[in-house]
Amino acid sequence: MTGKRFVSAAVPVPEGVARGVVRLSDERRFDIPVVVVCPEFTPIQAEEWIAAGESPELARATPLEYVNLDSGHWPMVTSPGELARVLDEATHS
């Protein structure tokens, strides 16, 4: 897919993601290591949002790691190699 075609077809946040409801009940989920990939915001901003209550689920996760990936909204397009490295490292830690 060309860059222009991708941009014309891309949706920043699909409606199902923005409006969907997920109900989680297994408390063991908070003990699974979480990596927050920060592509268009800094790890410090993410930490501040979580501390301010923007993501109660992440606030309870342990351990919680932040990875800066200055790539913009679609890192899979703008920085696929770096994103792959970050995901690979996250799954082998």
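Some points to look at:
- Label point distance in nm, HIS73-ILE44, each placed 7 Å from Cα along Cα→Cβ: 2.5
- Å² per residue, accessible surface of the chain at 1.4 Å: 76
- Computed over segment 1-88, relative contact order equals 29 percent, with contacts defined as Cα pairs under 8 Å that lie 6+ residues apart.
- Taking the 1.4 Å solvent-accessible surface of the chain as the whole, the part contributed by carbon and sulfur is 58%.
The values are calculated or read from the model by the stated rules, or taken from the named source; none is laboratory data. No experiment lies behind these values; they were computed from the predicted model shown. No Cβ is skipped: glycine too gets one built from the backbone with ideal geometry, and neighbour counts run over all protein chains shown. Accessible surface is based on the protein model in full, side chains and every heavy atom, while ligands, DNA and RNA are left aside. Shrake-Rupley method; radii C 1.70, N 1.55, O 1.52, S 1.80 Å.
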